[in-house]
Structures are given as structure tokens and as C-alpha cells.
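Data first, discussion second: the structure below is written as C-alpha cells.
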Amino acid sequence: MDSNKLRHLFLTHLCQTSTEPIGLEVASAEGCTITDTTGRRHLDFISGIGVANVGHRHPAVLAAIREQLDHYLHVMVYGEYLQAPQIELAAQLASIAPPPLSVTYFTNSGAEAVEGALKAARKFTGRSVFVAFDRSYHGDTFGAMSVMGRPELRKPYEPLVPMARFLPWNEPDALGGPDGINEQVAAVIMEPIQAEGGVRLPSDEFLKAVRARCTAAGALLLMDEVVTGFGRTGRRFAVEHWGVTPDMLILAKAMGGGLPLGGFLGRPDVMAALSHDPPLSHLTTFGGHPLSCAAGLAALRVMIDQRLEQAAAQAGRRLMDGIAGLCGRGGLMTVRGLGLLIGMEFDTPAHCERFVRRCRDAGLLLGWTLHEDRVVRLAPPLVLSPDELGEGLSRMNRALG
Ligand code: PMP
């Protein structure tokens with residue numbers, strides 16, 4: 001179809017989520033590159049967002065999808081039949097997750113995984129309160145929005161799920177007290193690194209302090225690794241950096257190797273809460289679709305076999321070193337991150353916006369963070385080659401000029 005017509009239909013018939021969509025007309029994608037319909041190749045440093053950890057259309061993922069296509073697609077709502085792709089993926093996840101996290105409930109997305117984890121926490125503990133952190137992001141369904149640490153984004157949709165409390169990030173002293181993590185709290189939900197919050201890293205003690213408070217109060221710790229999981233930060237799961245074991249890991253994005261897949265992975269006793277009193281009180285039709293699980297299993301094997309978390313750690317260091325050398329130009333103030341989840345902080349939103357636009361014009365895709373308009377986030381595929389990394393840096397250098 002003619003480009004102008006396609007663009008017109010896009011704006012007319014696809015519900016718009018902003019007034020300025022990026023509007024790239026995609027022809028194909030491979031590895032770290034997206035090619036548009038004019039034949040122009042764009043280096044993808046955002047992985048749409050944080051999904052293509054193994055790169056776009058990884059051959060092992062494509063082969064697994066083809067293989068599964070020849071057997072079956074959807075056959076039954078989740079949790080009733082034995083479907084090898086789901087079972088093998090759950091077992092593989094259990095083998096790499098911190099013990100005793102060994103039981104997975106599969107969903108289609110991150111927000112659904114958050115919903116399920118919150119529900120399981122209420123059911124297991126019999127408590128009502130959720131604690132989250134300022135500037136958090138956990139998805140856009142009602143439950144997930146209820147624990148989003150940004151009042152102006154919550155406001156238009158209120159009333160949300162009641163009993164959510166928000167605590168400041170990186171302030172261990174604020175965790176206790178009558179409005180903190182106490183005996184009323186079913187669960188604390190947090191990202192190990194706040195991605196939409198502007199790539200905000202925890203201090204060395206923060207996660208450990210939250211864990212200790214949760215244990216003391218009998219509250220569950222739900223770690224949202226939707227962005228940080230699957231090698232992104234230089235470890236398979238980011239919690240490994242701080243030696244903290246949550247009661248649940250919440251996963252999505254890179255989990256399906258490019259197909260929609262999420263899940264929450266928990267302690268067997270916690271996850272058992274969903275099977276009784278009453279049974280069938282947390283169901284999904286498509287969660288853990290066999291095609292997504294086959295793709296996800298292939299992607300996970302690629303991550304394990306190729307030690308992509310180590311590749312991310314190395315490439316992340318090089319990229320951050322390179323960006324550190326650009327600070328002071330074009331309003332760029334600082335760079336921070338872990339592995340290949342990197343935030344570049346600008347002095348003003350205007351400089352930040354100009355940088356993103358210029359990069360895009362130069363064929364380098366990257367993005368803002370939702371809660372922080374002075375921070376650009378980089379999350380390239382973990383299979384980024386040294387040449388691609390160098391090319392990305394040189395395009396950033398020019399965009400700052
Ligand atoms: N948690 C975090 C930390 C996220 O960044 C996101 C999405 N950006 C979600 C949950 C929600 O995932 P989804 O968009 O798949 O619902």
C-alpha cells in the first residue's frame with residue numbers, strides 16, 4: 001500500500017497513544033537493525049522496548065516457532081493440558097531463577113503478570129496493602145496502575161485498586177513506620193532498577209533493606225524484572241547483582257523472544273494459593289501460548305548458551321565509557337546504568353528531545369523514559385556487535401554536536 005495512504009489509515013484507525021507517534025514505516029527487522037520501507041537501515045538501541053534481547057528474528061527463535069507451528073497452536077485455556085513448550089520453559093526458568101522460586105504462571109504481558117502476582121500475594125497473605133515506590137512503572141491495567149509511582153498518570157483513571165502506599169526510592173530509613181512495610185502489607189512491588197523512572201539504580205543497600213523489612217513484616221517481595229530480566233543488566237536477573245531473593249519474579253518483554261509472553265515465578269507455597277479456595281479464581285485463555293513459549297524457550301537457550309548476560313555486561317561498559325566521553329556536549333550531563341540498560345541524563349527536556357530527534361534522523365533509535373523527560377534510555381539487543389556499538393556512539397556524538 002502507498003505510504004501516504006498507510007500513514008493516513010494509521011492515524012485514522014489505530015488508537016493513538018500520543019500526539020506524536022514515531023511513525024517509522026517498518027519493512028523488516030534483523031539482529032540490531034530495523035529497515036524501513038524506503039530501504040533505510042536504523043540501528044535499534046531500544047529493542048522495542050527491551051524486548052529483542054537476542055536481536056530481532058533470531059534464527060533459533062524462528063526455527064522454534066516454525067517447529068511449533070507444525071504441531072499445534074492454542075488448544076485449551078492455560079493450566080489444563082500438558083503442553084511441552086510451557087512445561088519445558090517453566091522448568092528451564094526454575095533452573096536459572098534464585099531458589100526456591102520454581103513455579104511459573106504464564107501470561108501474555110508484563111501488566112498481566114503484575115496483576116497475577118498482586119492477586120496471589122493478597123490470597124497467600126490474607127492482607128490487603130501493597131507498597132510500591134515513587135516513579136515506579138508496572139504496566140497500565142488497573143492493578144498495575146494502582147502501584148505506579150506517578151500520581152498524574154494515575155489520576156485520570158481513579159478510583160484504582162485501594163490500599164496502595166508509595167515510599168521514596170533509595171531511602172532505607174523510610175521503609176518502616178505506620179505507613180511503611182508493616183504487618184498490613186501483602187506485598188512490596190519494585191523494579192530492581194527503575195527503568196521508566198529514568199534508569200534509577202538502587203543504592204548498594206537498598207534492595208537488601210527492602211528484603212529485610214519484608215521478611216520482618218511477613219510481606220512478600222515481588223520483583224518486577226520485566227525490563228531487567230533475561231541478561232539485560234549483565235546478570236540473568238538483576239537481583240543477582242545485590243544477592244537478594246524475592247518471593248516472586250515478574251517477567252515479560254524479552255521472555256518471548258519477540259512473541260507476547262509474560263509470567264510470574266514464585267515460591268511453590270505462594271503459587272499454590274492460586275489453585276484452591278476457590279479454585280479457578282485466576283484464569284487466562286491465551287497466557288503461555290505454545291508458540292510464545294516455544295519462542296521463549298529458544299531465546300532463553302540462546303541467552304544461556306551464548307552467555308548473553310556477560311556480553312551485555314561487557315558491551316554496557318564500553319557503551320557507558322564511550323558516552324561518558326560525550327558528557328558536557330549538547331546538554332548531556334551524566335550517564336548511568338548496568339549492563340545494556342543505560343540512562344543518559346540531559347540538563348533540559350528540550351536538549352533531551354533534540355538529541356532523540358537528531359539520533360532518529362541519523363538512523364539511531366532510542367527513547368525517552370516515561371516519568372523523566374530529561375533521561376534517554378538505551379536498551380539495545382544484547383547481541384550488539386562492536387561495530388554496531390561504535391556506529392551507535394558515533395551517531396550519538398554527531399547528534400550532540
Ligand atoms: N513492568 C515494567 C517494569 C515495565 O517497564 C513494563 C512495560 N514497560 C511493564 C511492567 C508492563 O509490561 P507490558 O507492557 O507487557 O504490559
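The values are calculated or read from the model by the stated rules, or taken from the named source; none is laboratory data. Everything numeric in this text was worked out from a predicted model, so none of it was measured. Glycine gets a Cβ as well: all are built from the backbone with ideal geometry, and neighbour counts include every protein chain shown. We work out accessible area using only protein heavy atoms, side chains counted, and drop any ligands, DNA or RNA first. Shrake-Rupley method; radii C 1.70, N 1.55, O 1.52, S 1.80 Å.
Read through the list (1) among the aromatic types (Phe, Trp, Tyr); (2) free of Cβ contacts under 8 Å to residues at least 60 places away in the same chain; (3) farther than 28 Å from Leu389 by Cβ, then give the number of the only condition that Phe346 fails.
Checking Phe346 against (1) among the aromatic types (Phe, Trp, Tyr); (2) free of Cβ contacts under 8 Å to residues at least 60 places away in the same chain; (3) farther than 28 Å from Leu389 by Cβ, the one that fails is (3).
Would you be able to tell me the number of residues in region 17-56 that are charged (D, E, K, R), in contact with a His (Cβ under 9 Å, 6 or more places away or on another chain) and without any contact (Cβ under 8 Å) to a residue 24 or more places away in the chain? Please lay out each step first, then the result.
Initially, region 17-56 is screened for residues charged (D, E, K, R), giving 20, 25, 30, 36, 40-41, 44.
With in contact with a His (Cβ under 9 Å, 6 or more places away or on another chain) added as a condition, the list becomes 30, 36, 44.
If we keep only those that are without any contact (Cβ under 8 Å) to a residue 24 or more places away in the chain as well, we get 36.
Residues that pass the stated criteria total 1.
Any idea which residue in region 50-64 is farthest from the chain's Cα centre (by Cα), counting only those that are among the hydrophobic types (A, V, I, L, M, F, W, C) and farther than 20 Å from Ala27 by Cβ? Full working, then the answer.
Start the filter on region 50-64 by keeping residues that are among the hydrophobic types (A, V, I, L, M, F, W, C), which leaves 51-52, 54, 60-64.
Cutting the leftovers down to farther than 20 Å from Ala27 by Cβ gives us 54, 60, 63-64.
Working: Val54: 14, Ala60: 22, Ala63: 25, Ala64: 23 Å.
Looking at residues that are among the hydrophobic types (A, V, I, L, M, F, W, C) and farther than 20 Å from Ala27 by Cβ, I get Ala63.
Select from region 94-121 the residues that are away from the ligand (no atom under 16 Å from the Cβ) and surrounded by fewer than 20 Cβ atoms within 10 Å (Cβ to Cβ) and list them in ascending order.
Passing the criteria: Ala94, Ser95, Ile96, Pro98, Pro99, Pro100, Ser102.
So, in region 239-255, of the ones that are outside any helix (DSSP H, G or I) and open to solvent by less than 40 Å² (accessible area, probe 1.4 Å), which residue ends up nearest to Cys32 (Cα to Cα)? Before you say what the answer is, go through the steps one by one.
Step one: of region 239-255, the residues outside any helix (DSSP H, G or I) are 243-252.
Narrowing the set further to residues that are open to solvent by less than 40 Å² (accessible area, probe 1.4 Å) leaves 244, 246-252.
On the way: Val244: 32, Pro246: 32, Asp247: 34, Met248: 31, Leu249: 27, Ile250: 26, Leu251: 22, Ala252: 20 Å.
Taking the candidates together, the pick is Ala252.
Give me the pairs, please: first residue somewhere in region 256-283 and within 18 Å of Met303 (Cβ to Cβ) and open to solvent by 20 Å² or more (accessible area, probe 1.4 Å), second residue anywhere and part of a strand (DSSP E or B) and at pLDDT 95 or above, beta-carbon distance under 7 Å, and either six or more positions apart or on two chains.
Close Cβ pairs satisfying both conditions: Gly258/His56.
With the structure loaded, tell me whether Arg127 is assigned by TED's automatic domain parsing to the domain that holds Pro278, at pLDDT 95 or above and more than 23 Å from Gly287 (Cβ to Cβ) or whether it fails that test.
Working: assigned by TED's automatic domain parsing to the domain that holds Pro278: yes; at pLDDT 95 or above: yes; more than 23 Å from Gly287 (Cβ to Cβ): yes.
So Arg127 fits the description; yes.
Just give me the residues in region 221-238 being under 16 Å from Ile189 (Cβ atoms), touching a residue at least 60 places away in the same chain (Cβ under 8 Å) and part of a loop (DSSP other than H, G, I, E, B), in sequence order. Steps first, answer last, please.
Step one: of region 221-238, the residues under 16 Å from Ile189 (Cβ atoms) are 221-229, 237-238.
Cutting the leftovers down to touching a residue at least 60 places away in the same chain (Cβ under 8 Å) gives us 222, 224, 226-228, 237-238.
Hits for region 221-238 are Val226, Val227, Thr228, Phe237.
What are the residues in region 174-201 that are open to solvent by less than 10 Å² (accessible area, probe 1.4 Å) and away from the ligand (no atom under 11 Å from the Cβ), if any?
Passing the criteria: Leu175, Gly180, Ile181, Val185, Ala186, Ala187, Val188, Gly198, Val199.
Considering (1) part of a helix (DSSP H, G or I); (2) more than 30 Å from Arg154 (Cα to Cα); (3) open to solvent by 10 Å² or more (accessible area, probe 1.4 Å), say which one Glu353 fails and leave the rest.
All conditions pass for Glu353, except number (2).
Check region 205-220 and report whether any residue there is part of a loop (DSSP other than H, G, I, E, B), more than 11 Å from the ligand (Cβ to nearest atom) and under 25 Å from Glu345 (Cβ atoms). It would help to see each step written out before you state the result.
Just the residues of region 205-220 that are part of a loop (DSSP other than H, G, I, E, B), to begin with: 205, 218-219.
Then drop every residue that is not more than 11 Å from the ligand (Cβ to nearest atom), which leaves 205, 218-219.
Of the ones still in play, those that are also under 25 Å from Glu345 (Cβ atoms) are 205.
Scanning region 205-220, I find at least one residue that is part of a loop (DSSP other than H, G, I, E, B), more than 11 Å from the ligand (Cβ to nearest atom) and under 25 Å from Glu345 (Cβ atoms), so the answer is yes.
How many residues are open to solvent by 50 Å² or more (accessible area, probe 1.4 Å) and not aromatic (Phe, Trp, Tyr) when one looks only at region 142-160?
Within region 142-160, the subset open to solvent by 50 Å² or more (accessible area, probe 1.4 Å) is 142, 151-153, 155-159.
After this cut, where a residue has to be not aromatic (Phe, Trp, Tyr) as well, the list is 151-153, 155-156, 158-159.
Residues in region 142-160 being open to solvent by 50 Å² or more (accessible area, probe 1.4 Å) and not aromatic (Phe, Trp, Tyr): 7 in total.
Does Val227 satisfy being within 13 Å of the ligand (Cβ to nearest atom) and open to solvent by 10 Å² or more (accessible area, probe 1.4 Å)?
Details: within 13 Å of the ligand (Cβ to nearest atom): yes; open to solvent by 10 Å² or more (accessible area, probe 1.4 Å): yes.
Yes: the conditions hold for Val227.
If you scan region 366-380, which residues turn out to be buried (at least 24 other Cβ atoms within 10 Å of the Cβ) and either assigned to a loop (DSSP other than H, G, I, E, B) or on the phi > 0 side of the Ramachandran plot (or both)?
Leu366, Ala379, Pro380
Those residues that are more than 12 Å from the ligand (Cβ to nearest atom) and open to solvent by 10 Å² or more (accessible area, probe 1.4 Å), I need them from region 131-141; list them, please. Walk me through it before giving the result.
Taking region 131-141 first, the residues more than 12 Å from the ligand (Cβ to nearest atom) are 131, 134.
Residue satisfying the conditions is Asp134 alone.
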